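Below: the structure, in structure tokens.
The values are calculated or read from the model by the stated rules, or taken from the named source; none is laboratory data. Just so it is clear, the structure is predicted and the values come from calculations on it, not from any experiment. As a convention, Cβ positions derive from the backbone with ideal geometry for all residues, glycine included, and neighbour counts pool all protein chains shown.
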Amino acid sequence: MITRRTLLHTSAAMTVSLAMPYVARAAGKSIRLAHAANEVHPGHIQCTSFAAALEEMLPGGFNVQIFPNRQLGDDKQVLEATIAGSLEMCTASGVLLPLVTGRPAMNAWQLPFLVRDYDHFGELAQSEIGQQILDDLRPAGLVGLSLIDGGQRNFLSVKNQVTTLDDFAGLKTRIVPVPLHKAIWEAIGTAPVGMPYGEIYGALETGVIDAVEINVSSMLGENLWEIGKHFTLTGHYPWHMSLVMSDGFWDTLSEEEQDAVQEAGRRATGEALGYAKEQDLTGREELIAKGVEIAPLEDAAAVRETVASVNAEYSQQDPLIAEFVAAATGT
């Protein structure tokens with residue numbers, strides 16, 4: 001498990017980019033807020049919404065500088081720097097948080113077929129269990145402020161449309177190489193292949209893989225529609241993004257400032273989720289216009305039953321995960 005103590009010596013040398021960042025106001029306490037995505041990604045909107053809300057509540061109280069596009073490092077690097085305290089804030093993919101911090105509760109958000117849609121995500125993110133999962137990051141040196149869905153994940157196949165459980169069988173499917181994703185896609189019956197994001201296009205084109213689980217915006221951003229024309233709306237899990245602050249910086253804030261930061265995080269959740277939902281729906285129309293066939297998952301119930309064992313296994317890893325499953329399913 002990586003803690004602030006183990007990262008201080010590695011992150012202290014991180015160089016601040018000279019590129020012009022987004023600036024909420026050139027006064028007040030300085031906050032550098034970094035992420036790896038581009039300016040049209042919901043994660044960036046999460047950051048700009050946070051900065052705008054904070055400025056509205058405490059005019060001139062903070063100088064929030066937002067560094068997108070990996071200017072201060074990739075997801076893992078900015079997350080580690082925030083833990084170390086050499087960076088005040090970051091937004092990072094939630095899938096990384098259990099790996100970097102050793103806190104497993106954040107895995108709850110990507111348990112398969114629990115979060116139904118963007119609205120359901122918002123309800124859970126603003127609920128008591130959603131806040132508890134954010135608060136669980138504190139022992140790792142992070143103050144969790146906001147959770148959003150950066151893009152609901154679906155399924156792209158090159159050769160055939162996938163609409164039933166049997167259709168998944170044996171498909172060489174690119175996954176993010178983390179244990180949870182491997183367990184999910186093995187349970188569904190695919191042959192999961194972990195590979196870097198930048199290699200997906202070439203792997204689909206050459207037949208190294210048959211399919212990929214991915215969101216709509218990435219389909220468009222990486223031009224994967226040029227190769228894969230069969231897109232299934234599985235909505236199997238969200239791509240959650242976490243806005244976090246170094247607890248070392250948090251401890252320097254007054255009670256009034258802390259309250260404002262927390263409220264800005266809550267407001268950022270709603271703003272970014274609305275943006276992500278609209279981006280997804282508009283993107284589907286673009287894909288159809290480009291010749292992509294979009295189909296529903298016909299036997300979703302059978303797929304949910306198949307992955308139920310994964311949800312049960314991960315629920316045993318942390319009481320917060322079990323509580324999240326109960327909240328998401330209404331049990």
task = With respect to S217, determine if the residue is out of contact with any Phe, Trp or Tyr (no Cβ under 6 Å at 6 or more places or on another chain), among the hydroxyl-bearing types (S, T, Y), in a helix (DSSP H, G or I) and in contact (Cβ under 8 Å) with a residue 24 or more places away in the chain.
result = yes
query = Scanning segment 139-165 for residues that are polar (S, T, N, Q) and within 16 Å of the chain's Cα centre (by Cα), which turns out surrounded by the most Cβ atoms within 10 Å (Cβ to Cβ)?
reply = S146
message = Suppose we filter segment 177-214 for residues that are touching a residue at least 40 places away in the same chain (Cβ under 8 Å) and assigned to a strand (DSSP E or B); how many remain?
response = 4
note = All-but-one check, A211 against (1) within 18 Å of V162 (Cα to Cα); (2) among the small types (G, A, S); (3) touching an Asp or Glu at 6+ places or on another chain (Cβ under 9 Å), failing number (3)
ask   = Only one residue in I66, I83, I129 is farther than 25 Å from I175 by Cα, touching an Asp or Glu at 6+ places or on another chain (Cβ under 7 Å) and not basic (K, R), so which one is that?
value = I129
request  = Have a look at A125, A140 and point out the one that is closer than 25 Å to A326 by Cβ, at pLDDT 95 or above, of a type in the set (G, A, S) and in contact with a strand residue (DSSP E or B) (Cβ under 7 Å, 6 or more places away or on another chain).
outcome  = A125
message = Give me the residue from segment 44-97 that is polar (S, T, N, Q) and within 16 Å of the chain's Cα centre (by Cα) and, out of that set, surrounded by the most Cβ atoms within 10 Å (Cβ to Cβ).
response = T91
ask   = How many residues, within segment 28-43, are under 19 Å from E56 (Cβ atoms) and aliphatic (A, V, I, L, M)?
value = 2
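Condition check ((1) of a type in the set (S, T, Y); (2) in the same structural domain as T206 (by TED's automatic domain parsing); (3) more than 14 Å from L114 (Cβ to Cβ); (4) assigned to a helix (DSSP H, G or I)) across all residues:
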{"residue": "G228", "(1), (2), (3), (4)": "no, yes, yes, no"}
{"residue": "M245", "(1), (2), (3), (4)": "no, no, yes, no"}
{"residue": "G248", "(1), (2), (3), (4)": "no, no, yes, yes"}
{"residue": "L253", "(1), (2), (3), (4)": "no, no, yes, no"}
{"residue": "A268", "(1), (2), (3), (4)": "no, no, yes, yes"}
{"residue": "G274", "(1), (2), (3), (4)": "no, no, yes, yes"}
{"residue": "A308", "(1), (2), (3), (4)": "no, yes, no, yes"}
{"residue": "A322", "(1), (2), (3), (4)": "no, yes, no, yes"}
{"residue": "V325", "(1), (2), (3), (4)": "no, yes, no, yes"}
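So that you can scan it fast, the table gives a plain yes or no per residue for (1) part of a helix (DSSP H, G or I); (2) in contact with a helix residue (DSSP H, G or I) (Cβ under 6 Å, 6 or more places away or on another chain); (3) at negative phi:
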| site | (1), (2), (3) |
| --- | --- |
| E55 | yes, no, yes |
| G73 | no, no, no |
| N107 | yes, yes, yes |
| G122 | yes, yes, yes |
task = Report yes if some residue within segment 283-293 is in the same structural domain as V162 (by TED's automatic domain parsing), small (G, A, S) and within 13 Å of L111 (Cα to Cα); otherwise report no.
result = no
Any chance A169 is buried (at least 16 other Cβ atoms within 10 Å of the Cβ), among the small types (G, A, S), at pLDDT 95 or above and not assigned by TED's automatic domain parsing to the domain that holds A92 = no
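Residue-by-condition table, conditions (1) in a strand (DSSP E or B); (2) within 22 Å of V310 (Cα to Cα); (3) free of Cβ contacts under 8 Å to residues at least 40 places away in the same chain; (4) in contact with a Lys or Arg (Cβ under 6 Å, 6 or more places away or on another chain):
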{"position": "L79", "(1), (2), (3), (4)": "no, no, no, no"}
{"position": "T82", "(1), (2), (3), (4)": "no, no, no, no"}
{"position": "A92", "(1), (2), (3), (4)": "yes, no, no, no"}
{"position": "L97", "(1), (2), (3), (4)": "no, yes, no, no"}
{"position": "V115", "(1), (2), (3), (4)": "no, yes, no, no"}
{"position": "I129", "(1), (2), (3), (4)": "no, yes, no, no"}
